[in-house]
Amino acid sequence: LDAISSLWCNVHGHRHPTIDAALRAQLDRVAHTTLLGLASQPSIELAKRLIELAPPGLTRVFYSDAGATAVEIALK
């Protein structure tokens, strides 16, 4: 259940120093990307790391902005 949590609450802690530092570092690398047919260095690095952590045979990463989209793509 997503319930649009990103709009209504901060589940990781508001203004947590570790998260704030990571956000600042990310802004120095890339401020925004839609990933609509494009990639950024951070998205490529994350995809590689996710594949390393995934069970054998899972070799692709699809970024989604919503749970419904993620489920739809997983079913396809």
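The values are calculated or read from the model by the stated rules, or taken from the named source; none is laboratory data. The structure presented is a predicted model; accordingly, all values stated were derived computationally and were not measured. So basically every Cβ, Gly included, is an ideal-geometry build from the backbone, and we count neighbours across all protein chains shown. We work out accessible area using only protein heavy atoms, side chains counted, and drop any ligands, DNA or RNA first. Shrake-Rupley method; radii C 1.70, N 1.55, O 1.52, S 1.80 Å.
Against the list (1) among the hydroxyl-bearing types (Ser, Thr, Tyr); (2) closer than 14 Å to residue 63 by Cβ; (3) more than 15 Å from the chain's Cα centre (by Cα), the condition residue 18 fails is (2).
Pairs are defined by a Cβ separation below 8 Å, a sequence spacing of at least 6 or placement on different chains, a first member in region 13-33 that is under 15 Å from residue 46 (Cα atoms), and a second member that is among the acidic types (Asp, Glu) and open to solvent by 100 Å² or more (accessible area, probe 1.4 Å); no pair meets this definition. Taken over region 36-61, residues that are touching a residue at least 12 places away in the same chain (Cβ under 8 Å) and either closer than 19 Å to residue 25 by Cβ or open to solvent by 80 Å² or more (accessible area, probe 1.4 Å) (or both) amount to 5.
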